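See below for the structure under consideration.
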Amino acid sequence: MDTMLKITNVSKTYSKGLIKAVDNLNLEVKCGEIFGFIGPNGAGKSTTIKMITGILPFEIGTIEVCGIDIKKHPLEAKSCIGYVPDTHSVYEKLTGKEYLNFMADMYNVSLHDRKDRCDEYLKLFNLLDAVNNQIRTYSHGMKQKLIVIGALLHNPKLWILDEPLTGLDPQSSFELKKLMQFHTKDGNTVFFSSHVLEVVEKLVNSIGIINKGKLIFEGDLEKLKKLDKNQSLEEVFLNITKGDNE
């Protein structure tokens with residue numbers, strides 16, 4: 001299998017069809033790559049991610065994860081996904097350990113694997129001292145790190161992150177970026193959205209730019225920079241999204 005994620009002719013509307021949040025989206029993301037998904041506020045990024053993860057329904061088109069149709073076989077498709085949302089909604093009365101065990105149970109992670117992975121990631125993100133405390137005592141960044149760990153416990157084929165660096169301290173941001181690169185080593189895929197274009201530029205193999213619900217660019221950075229060889233990703237991004245808005 002060469003394709004990890006395939007989106008075909010997908011559209012999503014709000015307000016009884018009056019607002020088209022995503023408009024006939026077609027996108028393929030390969031196995032073993034880090035794919036950056038960027039766009040202005042309100043462009044359709046989070047809506048697309050929520051359709052991929054099965055949180056939002058969509059009227060038209062198909063989405064396949066690991067070759068599995070998310071509509072026809074939702075549980076099988078979702079079992080391949082690890083999702084880090086752009087919010088930090090967690091069960092705050094649970095301790096960190098209880099939350100991680102809950103996530104491991106949801107994805108049928110063995111006791112041996114969950115212990116090894118929890119120990120590794122809690123140490124990496126400096127949460128060992130806090131894991132037995134209730135999540136409501138955690139800072140914004142600590143909650144973000146806990147959600148990241150929970151999404152990785154089942155070693156997902158497709159790891160989806162929506163604005164993952166928000167609230168993280170520099171050391172944790174560094175470790176997360178290393179984890180994203182490491183996760184693709186065995187053919188897994190990272191799909192992430194971020195407004196920090198300097199980070200996107202350094203991490204990704206391929207990139208998709210969405211604006212007003214339409215995909216206006218898909219390809220690698222070399223292809224994107226051919227639009228203007230002397231400009232950074234940020235400058236090219238601003239130019240093509242500005243042009244699409246005019």
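The values are calculated or read from the model by the stated rules, or taken from the named source; none is laboratory data. The structure presented is a predicted model; accordingly, all values stated were derived computationally and were not measured. Here Cβ is always computed from backbone atoms with ideal geometry, including for glycine, and neighbour counts include all displayed protein chains.
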Practice problem: Identify the residue in segment 1-56 that is out of contact with any strand residue (DSSP E or B) (no Cβ under 8 Å at 6 or more places or on another chain) and of a type in the set (A, V, I, L, M) and, among all such residues, is nearest to Leu221 (Cα to Cα). | Solution: Met1
Practice problem: Scan segment 99-118 residue by residue and report those that are surrounded by 18 or more Cβ atoms within 10 Å (Cβ to Cβ) and in a helix (DSSP H, G or I). | Solution: Tyr99, Leu100, Asn101, Met103, Ala104, Arg114, Arg117, Cys118
Quiz item: Does segment 178-189 hold any residues that are among the hydroxyl-bearing types (Ser, Thr, Tyr) and in a loop (DSSP other than H, G, I, E, B), and which are they?
Solution: Thr184
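When only residues in segment 210-226 that are in contact (Cβ under 8 Å) with a residue 60 or more places away in the chain and assigned to a strand (DSSP E or B) count, which is farthest from Lys50 (Cα to Cα)?
To start, the set of residues in segment 210-226 that are in contact (Cβ under 8 Å) with a residue 60 or more places away in the chain comprises 210-215, 218.
Pick out the ones that are also assigned to a strand (DSSP E or B) and you get 210-211, 214-215, 218.
Values: Ile210: 15, Asn211: 17, Lys214: 16, Leu215: 16, Glu218: 20 Å.
Out of the qualifying residues, it is Glu218.
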Quiz item: Within segment 158-177, can one find any residue that is assigned to a strand (DSSP E or B), in contact with a strand residue (DSSP E or B) (Cβ under 7 Å, 6 or more places away or on another chain), assigned by TED's automatic domain parsing to the domain that holds Val10 and over 30 Å from Phe125 (Cβ atoms)?
Solution: no
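Quick one: is Glu64 within 19 Å of the chain's Cα centre (by Cα), of a type in the set (Asp, Glu) and crowded, with 18+ Cβ neighbours inside 10 Å? Walk me through how you get there before you give the answer.
Details: within 19 Å of the chain's Cα centre (by Cα): yes; of a type in the set (Asp, Glu): yes; crowded, with 18+ Cβ neighbours inside 10 Å: yes.
The answer is yes for Glu64.
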Quiz item: How many residues does segment 74-98 contain that are outside any loop (DSSP other than H, G, I, E, B) and either touching a residue at least 12 places away in the same chain (Cβ under 8 Å) or in contact with a strand residue (DSSP E or B) (Cβ under 8 Å, 6 or more places away or on another chain) (or both)?
Solution: 11
